[in-house]
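Everything below concerns the one structure shown next.
The values are calculated or read from the model by the stated rules, or taken from the named source; none is laboratory data. Remember, predicted model here, so these are calculated numbers, not experimental data. Cβ placement follows ideal geometry from the backbone for every residue including glycine, while neighbour counts extend to all protein chains displayed.
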Amino acid sequence: MVLDPVVMFFIAGFTISLMRVDFKLPSAIYEFLSIMLLITIGLKGGIELSKQHVGDLVGDVGLVLLMGVLIPLIAYPILYLVGRFKRVDAASIAAHYGSVSVGTYAVGVAFLETHHVTYESHMPLYLVVLEIPAIVVGIILAKGITKETNWAEMAQESFLAKSIVLLFVGLFIGWAAGEKIHATLDPFFFAPFKGILALFLLEMGIVAASQVGLLKKYGLFLVAFGIIFPVIAAAVGLEFAHVMGLSLGGALLLMILAASASYIAVPAAVRIALPEANPGLSLTASLGITFPFNVIVGVPLYYKMAEMYLGG
Amino acid sequence: MVTITKMMMTIITEQNLEKAIIHDLEDLGVKGYTIIEAKGKGGSGIKSGAWMNDSNIQIELILDNALATKIYNFISDTKKYDNYSMMVYLSEVNVLKRHEEN
């Protein structure tokens, strides 16, 4: 199987970082690229939403929320009982894996475009929906429901996180403006999508490689978990996609949402909510192991799984 | 040259903590501060500044003695920040007096 060029950019970034070449994108550029990705993904979903009754999606949104609660609940006992992590660390890692990575989702979108496979374009809505429940489940797993947790502050941190707000902005403008947005915004947002993603992945490769040195410190179990758990979660996502009656392309994206782990929103939220958790553990797993695995191996693997199960 | 002697408190800590610590400082009576994004290396590893979860901030406060003591006591007593990397130091500075009437 030939690698998607955007994935090659990721591998290039990973490699030059391992060779200790002193290169990284200026952080303002990295921020700009992620803003472009979030808004473009939001716009794409919003335009599709404008063509259908949003009310029809309520049931599916409920199912996706359920999936977001279920995945950290599957991860937690594996980490706590098999991995023998401290309770708070197991809960923190579970929260990371229950949430999603926009970068991985974008790679999935690029993969489907390359293979000319269509998908339900309201999928970005689920991207928004899945950011939240895992953080809440993680905190409850770590502490139980206590007064100690400042839920109002938590809600502020998670619902108004930059990534969620930008996705919403895209969704809303896409929904309000509809198809005619293409005429004006195509050259800036949609046409350069893969180029933006390629540069974003170049930087992500560099950042991911910087986590590799920590792998030895955290041991083999974490590496195994970071590779095997996404596949389990993808299978859960596939079953949900089947129940929801998604197309092959939609199923792949839901599997990617299930399999990916957060490395931006959740680390920031968990650092505040669960200060006792070791932030290095969850970040190394999600960014150093699972993100590269999903981008290079996971996406095509999940596609094969979906093809076999749904008889695409 | 007219200067007044004040205390400068410098707090170097994780960027994630910015909102919480500023909230506490304002509760203690701090009226102004300067925040500088920082990177470096120390007891809790390298902070490369490459992205948000890997960045530090340096907060600088110009204080009178009473407020400096109050903040010092708060930071050394609270357990809130036990799990965060944090370095606090004090130094005496001469602040230029810009307007005679002050």
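Are any of the residues in segment A:184-191 free of Cβ contacts under 8 Å to residues at least 60 places away in the same chain and charged (D, E, K, R)? Yes, that holds for at least one residue.
In this entry, residue A:4 is excluded by the filter for residues that are more than 17 Å from residue A:127 (Cα to Cα), free of Cβ contacts under 8 Å to residues at least 24 places away in the same chain and not hydroxyl-bearing (Ser, Thr, Tyr). Scanning segment A:1-57 for residues that are surrounded by fewer than 17 Cβ atoms within 10 Å (Cβ to Cβ), of a type in the set (S, T, N, Q) and in a helix (DSSP H, G or I) turns up A:15, A:27. Within segment A:282-312, being among the hydrophobic types (A, V, I, L, M, F, W, C), in contact with a Phe, Trp or Tyr (Cβ under 6 Å, 6 or more places away or on another chain) and within 14 Å of chain B (Cβ to nearest Cβ) holds for one residue alone: A:287.
Taken residue by residue, segment A:213-227 has at least one member that is of a type in the set (Phe, Trp, Tyr) and at pLDDT below 90. Scanning segment B:1-19 for residues that are surrounded by fewer than 18 Cβ atoms within 10 Å (Cβ to Cβ) and within 13 Å of chain A (Cβ to nearest Cβ) yields B:18, B:19.
I want to confirm something. Restricting to segment A:30-45 and keeping residues that are within 14 Å of chain B (Cβ to nearest Cβ), hydrophobic (A, V, I, L, M, F, W, C) and in contact (Cβ under 8 Å) with a residue 60 or more places away in the chain, which single residue is farthest from residue A:197 (Cα to Cα)? Spell out how you get there, then give the answer.
Step one: list which residues in segment A:30-45 are within 14 Å of chain B (Cβ to nearest Cβ), which gives A:30-35.
In the following step, the residues that additionally are hydrophobic (A, V, I, L, M, F, W, C) were identified as A:32-33, A:35.
So of that shortlist, the ones also in contact (Cβ under 8 Å) with a residue 60 or more places away in the chain come out as A:33, A:35.
Values: A:33: 8, A:35: 11 Å.
Among those that are within 14 Å of chain B (Cβ to nearest Cβ), hydrophobic (A, V, I, L, M, F, W, C) and in contact (Cβ under 8 Å) with a residue 60 or more places away in the chain, it is A:35.
Restricting the first member to segment A:117-129 and to residues that are in contact (Cβ under 8 Å) with a residue 24 or more places away in the chain, and the second to residues that are part of a loop (DSSP other than H, G, I, E, B) and crowded, with 20+ Cβ neighbours inside 10 Å, the beta-carbon pairs closer than 7 Å and six or more apart or on different chains are A:120/A:246; A:127/A:100. Scanning segment B:21-31 for residues that are surrounded by fewer than 18 Cβ atoms within 10 Å (Cβ to Cβ) and either in a loop (DSSP other than H, G, I, E, B) or touching a residue at least 60 places away in the same chain (Cβ under 8 Å) (or both) yields B:29, B:31.
Being farther than 16 Å from residue A:96 by Cβ and either modelled with pLDDT under 90 or surrounded by 19 or more Cβ atoms within 10 Å (Cβ to Cβ) (or both), is that true of even one residue in segment A:257-267?
As a first pass, look at segment A:257-267 and keep what is farther than 16 Å from residue A:96 by Cβ: none.
No, that holds for no residue.
Among the residues examined, residue A:276 qualifies as of a type in the set (Asp, Glu) and within 30 Å of residue B:20 (Cα to Cα). Within segment B:54-73, the set of residues being exposed (fewer than 15 other Cβ atoms within 10 Å of the Cβ) and either among the hydrophobic types (A, V, I, L, M, F, W, C) or under 30 Å from residue A:263 (Cβ atoms) (or both) comprises B:66 only.
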